[in-house]
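Heads up, the thing below is written out as structure tokens.
The values are calculated or read from the model by the stated rules, or taken from the named source; none is laboratory data. Note that the structure is a prediction, hence the values are computed from the model and not measured. Cβ atoms come from the backbone with ideal geometry, glycine included; neighbour counts cover every protein chain shown.
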Amino acid sequence: MRKLIIILVNLILVNYSVPLLAGVPQLNLDCKSLSEHMVISGYPRGEGYDLKIKINDHVLRYVDKCSDIYCSKREKYGDLYIVEALNKKVFTIYFVEPTENGELFMGYFYALPETVKYTKTTHGYRAQYIALYDGADPRSNTSPRAFVGNPIKLTCIHQEEL
């Protein structure tokens, strides 16, 4: 009887712990502009986010992630709000920065629906599209940062998999 109980307990542990080991789907975003020397890259959601907006050597980083394995220290700057349904040609990120008086809208990034090419993969999906960024300029040294002069067009590869 004892062996049967041990076997059943092990089966239950394996059955319920394997899905937990699968993890959270990670979204990776890699965008490059043709005209400006702009790159947007990182992961805007999953277990935290770390997204870099770069023009030439100037970087603006939105980050919320654990700095150690126990998550006792967090690295945090800004917030991202994401609207996503790429299988229906929708992807938008809103950038927000905290201020003394609340949150300050710092721009947006969105896929142009007519350019979205979506492909389902074994463990997630992959998409390619052209996007527009109209938001804080990483070269700006004002507070809050000035926006880019005109929206910047980027070519993006977007992938989400376990």
Of residues in region 5-48 being touching a Gly at 6+ places or on another chain (Cβ under 7 Å) and modelled with pLDDT of 65 or more, the one nearest to Phe147 (Cα to Cα): Leu29
Considering region 92-105, residues that are within 20 Å of Arg45 (Cβ to Cβ) and touching a residue at least 40 places away in the same chain (Cβ under 8 Å), and then whichever is surrounded by the fewest Cβ atoms within 10 Å (Cβ to Cβ), we arrive at Glu97
Matching residues, region 133-162, being within 16 Å of Phe109 (Cβ to Cβ) and among the hydrophobic types (A, V, I, L, M, F, W, C): Ala136, Phe147, Val148, Ile152, Leu154, Cys156, Ile157
When restricted to Lys65, Lys89, the only residue of a type outside the set (Asp, Glu), buried (at least 16 other Cβ atoms within 10 Å of the Cβ), out of contact with any Leu (no Cβ under 7 Å at 6 or more places or on another chain) and over 23 Å from Asn141 (Cβ atoms) is Lys89
Checking Ala146 against (1) at pLDDT 95 or above; (2) buried (at least 16 other Cβ atoms within 10 Å of the Cβ); (3) over 23 Å from Glu84 (Cβ atoms): exactly one of these is not met. Which one? (2)
Whether any residue in region 60-67 is more than 18 Å from the chain's Cα centre (by Cα) and at negative phi is what I want to check. no
Among the residues of region 70-79, are any surrounded by 12 or more Cβ atoms within 10 Å (Cβ to Cβ), assigned to a strand (DSSP E or B) and in contact (Cβ under 8 Å) with a residue 40 or more places away in the chain? no
Please enumerate the residues belonging to region 85-105 that are under 19 Å from Gly135 (Cα atoms) and either out of contact with any Phe, Trp or Tyr (no Cβ under 8 Å at 6 or more places or on another chain) or of a type in the set (D, E, K, R) (or both). Val90, Glu97, Pro98, Thr99, Gly102, Glu103, Leu104
Among residues of region 52-69 being in contact with a strand residue (DSSP E or B) (Cβ under 9 Å, 6 or more places away or on another chain) and without any contact (Cβ under 8 Å) to a residue 40 or more places away in the chain, the residue nearest to Ser33 (Cα to Cα) is Lys52
Mind telling me which of the residues Leu51, Leu60 ends up being at pLDDT 95 or above, closer than 18 Å to Phe109 by Cβ, surrounded by 12 or more Cβ atoms within 10 Å (Cβ to Cβ) and touching a Gly at 6+ places or on another chain (Cβ under 6 Å)? Leu51
